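Enquirer: Before we start, here is the structure in question, set down as structure tokens.
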Amino acid sequence: MLRGAVGRQRQSTSQTCHLLVFSVGGRRLAVKTEEIGGISAWPGSIPVPSRTPFISSIIRRDQAVFPVFDLAGMLKVRVKGEQRLCLMAKQPAGAMAICIDEEMPVLRSLDATKIQAYCGREIDSLGCFADEFEDVPIISVARLGSA
Amino acid sequence: MSLRGHRQGSAAHEPTERYLIVSVAAQRFALSADLIQGLLTLEESRSVGILTVQGQDYPSLNLAGRIGLAEASDGPETRFVLVARAGTRACIRVEQVHGLVEVERVHMLPLPGQFRSDERNWYFGLILLEEGVAIGLNSAWLIGGTMQGSRSLPAQEERPLQLAHVVSEGMGRGLAC
């Protein structure tokens, strides 16, 4: 009995999706926490002329530099707030920075069964979930800029 | 930072490379010092017309245009950087010359892999300065853009000009690269 109970609990836990919900230009988005390297104050970016879509600047942290993905540009919005935040996305090619609104992101655990297909075409998503206000698309930051 | 050279880093034994740091379209770029033949002020460039220096023609190279930037208007710090590589010469208009830096290899970073278009040919990497970052321009790409309209040098003319010969009074310091 005990073994069976533990097994069921594991199965149940594995279906929970841990998300970070943040906003860009007032648009609410979610990302799996395992794809996030951290959140900090936006340090300001340094332009790097480029022809890669939405990647044309970097940020510097001490002796390291990270490319910036212009998520706001892709969504055709402007990042809101004076105290913007920097979301570090984990990618196979290395960490990448994304400038997000100053509104503090929140962690959310969601039953995976509540994730639905997302109909919006403005962003490549893994699906979406419905909260009290709207459908929140779940994006894969690991895939941003690779299309 | 000065034209006499400024060491970027601390360990004296580290291998270093020298770069001229310039601004183009309000962004900092690093030109390999090996390319640099001289600097001219706006006045000097006007006086010499088509930028013929010591009998050598330096065709104009629109760096801002080649990387998709709008060229800024002339200002008091505008300079023309004369460059040459393998017998090909060019003249690059820059908004400002910040100076010559000696950069340790540890302060030269590759372009992050997420940059995956033409810019991978434009730049060799990024240089960490005391304040900010300079984008390292790929010399082969840079000079390659001037192949048309340039002419090869006879062997005896391959010796680079001394920057001190053409550096302007306005730059203040004679520097031999």
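Enquirer: When residues of region A:81-94 are filtered for being within 9 Å of chain B (Cβ to nearest Cβ) and either surrounded by 17 or more Cβ atoms within 10 Å (Cβ to Cβ) or in contact with a Lys or Arg (Cβ under 6 Å, 6 or more places away or on another chain) (or both), how many remain?
Expert: Total satisfying the criteria: 1.
Enquirer: Let me ask you something else. Sort through B:Gly38, B:Gly65 and tell me the only one that's part of a helix (DSSP H, G or I) and modelled with pLDDT of 90 or more.
Expert: Of the residues listed, the single one that is part of a helix (DSSP H, G or I) and modelled with pLDDT of 90 or more is B:Gly65.
Enquirer: Taking region B:75-108 on its own, how many of its residues are over 14 Å from B:Leu31 (Cα atoms) and touching a helix residue (DSSP H, G or I) at 6+ places or on another chain (Cβ under 7 Å)?
Expert: 2
Enquirer: Among the residues of region A:76-85, are any in contact with a Pro (Cβ under 8 Å, 6 or more places away or on another chain) and either closer than 30 Å to B:Arg66 by Cβ or at pLDDT 90 or above (or both)?
Expert: Checked region A:76-85: at least one residue is in contact with a Pro (Cβ under 8 Å, 6 or more places away or on another chain) and either closer than 30 Å to B:Arg66 by Cβ or at pLDDT 90 or above (or both).
Enquirer: Right, something else. Which number in (1) exposed (fewer than 15 other Cβ atoms within 10 Å of the Cβ); (2) in contact with a strand residue (DSSP E or B) (Cβ under 8 Å, 6 or more places away or on another chain) marks the one condition that A:Glu122 misses?
Expert: Against the list (1) exposed (fewer than 15 other Cβ atoms within 10 Å of the Cβ); (2) in contact with a strand residue (DSSP E or B) (Cβ under 8 Å, 6 or more places away or on another chain), A:Glu122 comes up short only on (2).
Enquirer: Quick test for you: out of A:Ile138, A:Ile98, A:Ile39, pick the one residue that is closer than 24 Å to A:Cys17 by Cα and modelled with pLDDT under 95.
Expert: A:Ile138
Enquirer: Is it the case that some residue within region B:127-148 is surrounded by fewer than 20 Cβ atoms within 10 Å (Cβ to Cβ), over 22 Å from B:Arg66 (Cβ atoms) and away from chain A (no Cβ under 13 Å)?
Expert: Looking for residues that are surrounded by fewer than 20 Cβ atoms within 10 Å (Cβ to Cβ), over 22 Å from B:Arg66 (Cβ atoms) and away from chain A (no Cβ under 13 Å), one finds none in region B:127-148, hence no.
Enquirer: Of all the residues that make up region B:28-50, how many are in contact with a helix residue (DSSP H, G or I) (Cβ under 9 Å, 6 or more places away or on another chain) and surrounded by 20 or more Cβ atoms within 10 Å (Cβ to Cβ)?
Expert: Qualifying residue count, region B:28-50: 8.
Enquirer: Quick check on region B:92-101. Is at least one of its residues within 13 Å of chain A (Cβ to nearest Cβ) and more than 19 Å from A:Ile58 (Cβ to Cβ)?
Expert: No, that holds for no residue.
Enquirer: With the condition kept exactly as written, say whether any residue in region A:81-99 is free of Cβ contacts under 8 Å to residues at least 40 places away in the same chain, in a loop (DSSP other than H, G, I, E, B) and touching a Gly at 6+ places or on another chain (Cβ under 9 Å).
Expert: yes
Enquirer: To continue, here is another question. Looking at region A:102-117, can you tell me whether even one residue there is away from chain B (no Cβ under 12 Å), in a helix (DSSP H, G or I) and surrounded by 15 or more Cβ atoms within 10 Å (Cβ to Cβ)?
Expert: No, region A:102-117 contains no residue that is away from chain B (no Cβ under 12 Å), in a helix (DSSP H, G or I) and surrounded by 15 or more Cβ atoms within 10 Å (Cβ to Cβ).
Enquirer: Filter region B:109-126 down to the residues that are more than 8 Å from chain A (Cβ to nearest Cβ) and either surrounded by fewer than 19 Cβ atoms within 10 Å (Cβ to Cβ) or among the charged types (D, E, K, R) (or both) and list them by number.
Expert: Within region B:109-126, B:Pro110, B:Arg120, B:Asn121, B:Gly125 meet the criteria.
Enquirer: Quick one: count up the residues across region A:11-25 that are closer than 15 Å to A:Asp70 by Cα and either part of a loop (DSSP other than H, G, I, E, B) or among the polar types (S, T, N, Q) (or both).
Expert: So the count comes out to 2.
Enquirer: Specify the residue that is nearest to the chain's Cα centre (by Cα); the eligible residues are those in region A:35-80 that are away from every other protein chain (no Cβ under 13 Å) and in a strand (DSSP E or B).
Expert: Selected residue: A:Ile36.
The values are calculated or read from the model by the stated rules, or taken from the named source; none is laboratory data. Predicted model, so just to flag it, every value in this text is computed and none were measured. When we count neighbours, we look across all protein chains shown, and the Cβ atoms used for this are built from the backbone with ideal geometry, even at glycine.
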